[in-house]
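The structure appears below as structure tokens.
The values are calculated or read from the model by the stated rules, or taken from the named source; none is laboratory data. Note that this is a predicted model, so its numbers are computed, not measured. Using ideal geometry, Cβ is built from the backbone for each residue, glycine included, and neighbour counts are taken over all protein chains shown. For accessibility, only protein heavy atoms count, side chains too; no ligands or nucleic acids. Shrake-Rupley method; radii C 1.70, N 1.55, O 1.52, S 1.80 Å.
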Amino acid sequence: QVNGGHGTISASKTGLAAGSTETVIFTPDAGYEIDTVTVNGVETDVLSNVLDVTMDADKTVIVAYKAIEYNITVTDGKATIGAGSGISKAAQGTTVTLTANAAPDGKVFDKWEVVSGGITLADANSATTTFTMPASAVSVKATYKNKPVTTYNLTTQVNGGHGTISASKTGLAA
């Protein structure tokens, strides 16, 4: 029996001889893997999607599948699903939100760099952006640049012509 869908299990059989071994084959849908398998309510380990069951009593085999999740590595930021808490894994097709950390002193957010995973960001130049999780691990990095220097102009003027002031300067730093 399959709980929750996302795959199949080999067909049930009746009339199996006592002491015989029946091979049960699990076939998850694309993008899914085995989550749990129970035999008569007891969780059982499965290797390579195959389970050999010794028929020493009536047996009920139940499988549950789960979406395969792939790693997300974020440097200087975090990944979430929507506005939720931080995540380090997501299933293919999930919309992942990236939020950059606060910029260090004297810096401002510049852009996101995709280190690996071949994803396309909705807006690489925004401190908060999204991408659709592929069927592979993803690594991204927030980058920062020097904060622009604020400048002001100082203009001097003598009214009435009876004195002088030193020359005007522009580009004075804040």
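What is region 42-123's relative contact order, in percent, from Cα pairs under 8 angstrom and six or more apart in sequence?
Numbers: 59 pairs, mean separation 16.6, N = 82.
Result for region 42-123 is 20 percent.
Quick one: Karplus J couplings for region 58-67, per residue in order, coefficients 6.51, -1.76, 1.60, θ = phi - 60°, nearest Hz, x for Gly and Pro?
4, 10, 10, 10, 10, 10, 10, 9, 9, 5
In debye, nearest 20, what is the charge dipole magnitude of region 93-165 about its Cα centre with +1 on Lys and Arg Cβ and -1 on Asp and Glu Cβ, if you could check? Mind dumping the intermediate values first?
Working: 5 positive and 4 negative charges, 18 e Å.
Approximately 80 debye in magnitude.
Amide H to amide H under 5 Å from residue 75: which residues, 5+ apart in sequence or cross-chain, H placed 1.01 Å off N in plane?
HN-HN under 5 Å from residue 75: 140, 141, 142.
Top mean-square fluctuation among 36, 54, 129, Gaussian network model of the chain, C-alpha springs under 10 Å?
54
Using a probe radius of 1.4 Å on heavy atoms only, what accessible surface per residue do you get for region 62-135? Whole Å² is fine. Display every interim value, and only then the final one.
Numbers: 3870 Å² over 74 residues.
So region 62-135 comes to 52 Å² accessible per residue, rounded to a whole number.
So which residue, out of 69, 22, 113, gets the largest mean-square fluctuation from a GNM of the chain using Cα contacts under 10 Å as springs?
It is 22.
Give me the accessible area of residue 120, 1.4 Å probe, in Å² rounded to the nearest 10.
For residue 120, the solvent-accessible surface is approximately 120 Å².
Kindly write out, for region 109-117 in residue order, the coupling ³J(HN,Hα) from the Karplus curve 6.51 cos²θ - 1.76 cosθ + 1.60 (θ = phi - 60°), rounded to whole Hz, with x marking Gly and Pro.
4, 9, 6, 8, 10, 8, 7, 7, x
So, with a 1.4 angstrom probe, what is the percent of accessible area on region 53-174 that is carbon and sulfur?
Summing carbon and sulfur atoms, their accessible area is 49 percent of the total for region 53-174.
Would you please give the residues with an amide H less than 5 Å from that of residue 87, counting only those at least 5 places away or on a separate chain, with H modeled from the backbone geometry?
79, 80
Which whole-Hz ³J(HN,Hα) couplings does region 128-139 yield from phi under the Karplus relation 6.51 cos²θ - 1.76 cosθ + 1.60, θ = phi - 60°, glycine and proline marked x?
3J(HN,Hα) across region 128-139, in whole Hz: 10, 8, 9, 8, 9, 5, x, 8, 6, 5, 10, 9.
Whole angstrom only: what separates the Cα centroid of region 137-165 from the Cα centroid of region 72-127?
Result: 31 Å between the Cα centres.
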